[in-house]
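One structure is given below, encoded as structure tokens.
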Amino acid sequence: MKVSIIGATGYTGEELLRILANHPETEIIHMTSESQTGAAINSIYPHFNGFYDKKLDSMKELEQIGAASDAVFIGLPHGHAMAAGKVLAQYDTKVIDLGADYRFRDSKVYEKWYKVEHVHNDSGAVYGLTELYREQVKTATIIGNPGCYTTASILALAPLAKQQLIDTDSIVVDAKSGVSGAGRSLSLNSHFTETFENLKAYNVAGHRHTPEIEQALTDFTGQPVVISFTPHLIPMSRGILSTCYAKLKPGITAAQVDEAFYSLYQSEYFIRLLGRGGYPATKNTRGSNFCDLGWHIDERTGRVVVLSAIDNLVKGAAGQAVQNFNVLFGLDERTGLMQAPLYP
């Protein structure tokens, strides 16, 4: 399939290129960058020497890109993918947006949290958390690829929500991300001297991934879900560890909790269940499309605690996008994604 990447020089675009370099069913025909149009991609990312030397195009050629591509990945900041998506919708091409523009079924929720008018709310986009929305992804034209915090947190909580094992008004998510989650643009908050040997929370009670987690959990419980979500920045380049707490309903046993996870995920290749008592670690998923899950039951408080580890740039972004691409085109979901985690 002929594939193009809009916004190829950000971290998610770079990660897409890394993964697709080993994908046997794709040919990358266009890469774009508005800030570095005309430059060769390997002059920006020298680690691609021997893999890519293609020069970067501009989005001004979007019609040409849409007409020539079987699939277009969009790696732009929120608010920019919608305009591109409207143009690409005229062509026989699949669109996978790695930003937030197509993640919400209710555009009003998007507008409230992102402070941007949604200009393509009739897109029919499908939410692309592959393991949980696979059947919808198969027939989609536009896919809203989930956020990184949301992927880790939804995968952790979905089994409990689906089986109605927890009080949904008791959910607390405490998540920690590597600095690459902030993107490649220069920022004081992600400056080396600000993050090194430092750990801090940010956007408490206001992070934009909150309604995305709530949307998915509402799908599984059938009732509105409101959560408490606190993100943290940790001094490493990539990885997310999400610790999710919820009150178990009266009478729920440890065996029921175990069964909820195994019944939903036991046949999912990219979900690795460490079981009750397991301790996922970010280094064990680094550079891979795996999500590692472990859970603990606190009998003293009546809570279940679920731990979820992913690589924010792979399963939390580019890897999941390629997984969705594979589903769209009837390929084995593992195609191009069989890299073992990097260790140490």
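Some points to look at:
- Selection within segment 7-35 - modelled with pLDDT under 95 and within 16 Å of Gly66 (Cα to Cα): none
- Filtering segment 235-263 to residues that are within 23 Å of the chain's Cα centre (by Cα), among the aliphatic types (A, V, I, L, M) and buried (at least 19 other Cβ atoms within 10 Å of the Cβ) leaves Ile240, Leu241, Ala246, Ala260.
- Whenever a residue of segment 41-62 is free of Cβ contacts under 8 Å to residues at least 40 places away in the same chain, its partners that are among the hydroxyl-bearing types (Ser, Thr, Tyr), lying with C-beta atoms within less than 7 angstrom and at least six residues away or across chains, give the pairs Ile41/Tyr52; Asn42/Tyr52; Ile44/Thr9; Asp57/Thr32; Asp57/Thr37; Ser58/Thr32; Ser58/Thr37.
- Extreme residue, nearest to Asp332 (Cα to Cα), among residues of segment 271-284 that are in contact with a helix residue (DSSP H, G or I) (Cβ under 7 Å, 6 or more places away or on another chain) and either crowded, with 18+ Cβ neighbours inside 10 Å or among the acidic types (Asp, Glu) (or both): Ile271
- Here the condition is being touching a strand residue (DSSP E or B) at 6+ places or on another chain (Cβ under 7 Å) and among the hydrophobic types (A, V, I, L, M, F, W, C); of Ala309, Ala317, it holds for Ala309 alone.
- Tyr149 being under 21 Å from Arg272 (Cα atoms), out of contact with any Pro (no Cβ under 8 Å at 6 or more places or on another chain) and touching a residue at least 12 places away in the same chain (Cβ under 8 Å): no
- Condition check for Leu307: part of a loop (DSSP other than H, G, I, E, B) and buried (at least 17 other Cβ atoms within 10 Å of the Cβ): no
- Any chance Tyr91 is at pLDDT 95 or above, out of contact with any Cys (no Cβ under 9 Å at 6 or more places or on another chain) and surrounded by 21 or more Cβ atoms within 10 Å (Cβ to Cβ): no
- In segment 192-234, the residue that is surrounded by the fewest Cβ atoms within 10 Å (Cβ to Cβ) out of those that are more than 23 Å from Asp169 (Cβ to Cβ), among the polar types (S, T, N, Q) and touching a Pro at 6+ places or on another chain (Cβ under 9 Å) is Asn198.
- Segment 130-146 - residue that is in contact (Cβ under 8 Å) with a residue 24 or more places away in the chain and under 29 Å from Ala255 (Cα atoms) and, of those, nearest to the chain's Cα centre (by Cα): Thr130
- Checked against the criterion of being in contact with a Leu (Cβ under 9 Å, 6 or more places away or on another chain) and under 17 Å from Pro146 (Cβ atoms), the candidates Ile74, Ile44 yield just one match: Ile74.
- Subset of segment 272-283 [under 25 Å from Asp298 (Cα atoms) and either in contact (Cβ under 8 Å) with a residue 60 or more places away in the chain or not charged (D, E, K, R) (or both)]: Leu273, Leu274, Gly275, Gly277, Gly278, Tyr279, Pro280, Ala281, Thr282
- Among the residues here, Pro24 does not qualify as closer than 28 Å to Lys108 by Cα, touching a residue at least 40 places away in the same chain (Cβ under 8 Å) and outside any helix (DSSP H, G or I).
- The set of residues in segment 156-178 that are part of a strand (DSSP E or B) and among the basic types (Lys, Arg) contains only Lys176.
- Taking segment 49-78 as the range and being charged (D, E, K, R) and in a helix (DSSP H, G or I) as the test, the residues that pass are Lys60, Glu61, Glu63.
- Among the conditions (1) in contact with a Pro (Cβ under 6 Å, 6 or more places away or on another chain); (2) over 19 Å from Leu20 (Cβ atoms), the only one that Glu259 does not satisfy is (1).
- Neighbours by Cβ (under 7 Å, 6+ apart or cross-chain): first from segment 165-192, at negative phi and without any contact (Cβ under 8 Å) to a residue 24 or more places away in the chain; second surrounded by fewer than 17 Cβ atoms within 10 Å (Cβ to Cβ) and not small (Gly, Ala, Ser): Leu188/Glu194
The values are calculated or read from the model by the stated rules, or taken from the named source; none is laboratory data. Quick caveat, the model's predicted, so the values are computed rather than measured. FYI the Cβ positions are ideal-geometry reconstructions off the backbone, even for glycines, and counts take in every protein chain you see.
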